[in-house]
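See structure below.
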Amino acid sequence: TLIFPFKLRNPKPSPIYITIMGCLFCTVNGYLQARYMMFFADYPSSWLLQPNFWIGVIAFFSGMYINIQADYILMNLRKPGEKEYKIPRGGAFEYVSGANFFGEILEGTGYAIAC
C-alpha cells in the first residue's frame, strides 16, 4: 500500500479523495483487527503449535512474496519512454493473469487460516 506508489517512475495524477479514502480504510481496518487480536481473541500457548497456524503463516508469506515479485515485474515491464501494451511474464504471471491480486488473496487466506 505504501511502497508501490513511491517506486513508480512516472505516476499519473490521482484524485486526493481516493488517497484519503484508502488511508482511512487501512487505518480503520488495522485498528479493528489489532483491537480484536489484543483484547478479545483468546489463543492458548499451544495455538502456536497447531498445524493451521503454520499453514496460515506459510500461505501468508508465500502470498507476500508473490505480491512483491509481481509488483517488481509490473514496475519493470516497460522501459522509460515506451507506451505500448506488454504482457507480464515470469513469476506467478506464468500461472495467473493477475499475480499481484493472487498474492493479496493468498495473504488474506493465510491470515484467516492462521487466526
LEU74 fails exactly one of (1) on the phi > 0 side of the Ramachandran plot; (2) touching a residue at least 24 places away in the same chain (Cβ under 8 Å), namely (1)
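Considering every residue within the range 1-11, establish whether at least one is assigned to a loop (DSSP other than H, G, I, E, B), closer than 18 Å to GLY108 by Cα, open to solvent by 70 Å² or more (accessible area, probe 1.4 Å) and at pLDDT below 85. Give the derivation first.
Within the range 1-11, the subset assigned to a loop (DSSP other than H, G, I, E, B) is 1-2, 8-11.
Narrowing the set further to residues that are closer than 18 Å to GLY108 by Cα leaves 1-2.
Retained after the next criterion (residues that are open to solvent by 70 Å² or more (accessible area, probe 1.4 Å)): 1-2.
Next, only the ones that are at pLDDT below 85 stay: 1-2.
Scanning the range 1-11 turns up at least one residue that is assigned to a loop (DSSP other than H, G, I, E, B), closer than 18 Å to GLY108 by Cα, open to solvent by 70 Å² or more (accessible area, probe 1.4 Å) and at pLDDT below 85.
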Flagged in the range 54-79 as open to solvent by 70 Å² or more (accessible area, probe 1.4 Å) and hydrophobic (A, V, I, L, M, F, W, C), in numbering order, are TRP54, ILE55, ILE58, PHE61, ILE68
Only one of ASN52, ASN76, ASN67 is within 15 Å of GLY103 (Cα to Cα) and polar (S, T, N, Q), namely ASN67
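For LYS86, indicate whether it is basic (Lys, Arg) and either in contact with a Cys (Cβ under 7 Å, 6 or more places away or on another chain) or open to solvent by less than 70 Å² (accessible area, probe 1.4 Å) (or both).
So LYS86 passes the test.
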Scanning the range 89-99 residue by residue, the ones that are assigned to a helix (DSSP H, G or I) and open to solvent by 40 Å² or more (accessible area, probe 1.4 Å) total 1
query: Do we have any residue at all in the range 40-53 that's without any contact (Cβ under 8 Å) to a residue 40 or more places away in the chain, loosely packed, with under 11 Cβ neighbours inside 10 Å and of a type in the set (D, E, K, R)?
result: yes
Of the residues in the range 13-71, those that are under 21 Å from the mean Cα position of the chain (by Cα), of a type in the set (A, V, I, L, M) and farther than 18 Å from GLU104 by Cα number 8
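Taking the range 32-72 only, how many residues are of a type in the set (Ser, Thr, Tyr) and not in a helix (DSSP H, G or I)? Reasoning before the result, please.
Going residue by residue through the range 32-72, those that are of a type in the set (Ser, Thr, Tyr) are 36, 43, 45-46, 62, 65, 72.
Now drop any that are not not in a helix (DSSP H, G or I), which leaves 43.
So the count comes out to 1.
Tell me yes or no: at least one residue of the range 100-111 is out of contact with any strand residue (DSSP E or B) (no Cβ under 6 Å at 6 or more places or on another chain), open to solvent by 70 Å² or more (accessible area, probe 1.4 Å) and among the polar types (S, T, N, Q). First the steps, then the outcome.
Just the residues of the range 100-111 that are out of contact with any strand residue (DSSP E or B) (no Cβ under 6 Å at 6 or more places or on another chain), to begin with: 100-111.
From what's left, open to solvent by 70 Å² or more (accessible area, probe 1.4 Å): 101-102, 104-105, 111.
Those left that are additionally among the polar types (S, T, N, Q): none.
Within the range 100-111, none of the residues are out of contact with any strand residue (DSSP E or B) (no Cβ under 6 Å at 6 or more places or on another chain), open to solvent by 70 Å² or more (accessible area, probe 1.4 Å) and among the polar types (S, T, N, Q).
The values are calculated or read from the model by the stated rules, or taken from the named source; none is laboratory data. Predicted model only: the values in this text are computed from it and were never measured. Cβ sites come from the backbone with ideal geometry, for glycine too, and all protein chains shown count toward neighbours. Note: areas computed on protein heavy atoms with side chains; ligands, DNA, RNA excluded. Shrake-Rupley method; radii C 1.70, N 1.55, O 1.52, S 1.80 Å.
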